[in-house]
């Protein structure tokens, strides 16, 4: 798994920033990022859009997509990542949506999680996960997977600059 400090270092090295849109993690990704000294050099902020309607109202997730697929869908994660990058003026948007439990949601079983990163030019990368364990374990693993996804995107775009 990627280290948050390493990810922040990569962002700072390229004068890039990140913002987060969180659902099931309820702010854990933002907390992990801001636990690192100097995170303000790259972290812009975030949105905890726990309620489905906030995904549309704050992040611009298409209402039709939410009606058709529910909040737990790869397209929703992608739209959340795009929306938070725009809303916060960040180079990268990182988003997660999923089911931590204890009950299934939108026809998706507990442990179904989608993460997405939106980068410069609107390019989006996604990850689908089927996690297991307690509600807390699923939430913590989601943070690790989301940070790992962002790390992979940054490593695959060495030399990319925001400005």
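Quick note: the coordinates plus some simple rules give every number you see, no bench work behind them. A quick note: this is a predicted structure, and the numbers were derived from the prediction, not measured. Counting neighbours? That spans all protein chains shown, and the Cβs are built from the backbone with ideal geometry, glycine included.
Between 0 and 90 degrees, rounded to the nearest ten: what's the tilt of helix 4-13 against the longest Cα principal axis of the chain? Computed tilt is about 50 degrees. Could you give log10 I(q)/I(0) at q = 0.10, 0.18, 0.21, 0.22 Å⁻¹ for segment 46-163, computed by the Debye formula over C-alpha point scatterers of equal weight, without solvent? Taking Cα atoms of segment 46-163 as identical point scatterers yields -0.28, -0.89, -1.15, -1.24. What separates the Cα centres of segment 48-88 and segment 107-143 is a distance of 14 Å. Nearest 5 is fine: what % of DSSP beta bridges in the chain come out antiparallel, could you say? Bridges in the chain are about 60 percent antiparallel. Distance between the modelled labels on residue 130 and residue 156, one decimal in nanometres: 2.2 nm (7 Å Cα→Cβ projection). The angle between the Cα long axis of helix 74-88 and the longest principal axis of the Cα atoms of the chain comes to about 40 degrees, rounded to the nearest 10. The simple Förster model, with R0 at 35 Å and r as the Cβ-Cβ distance, assigns residue 68 and residue 103 a FRET efficiency of 0.95.
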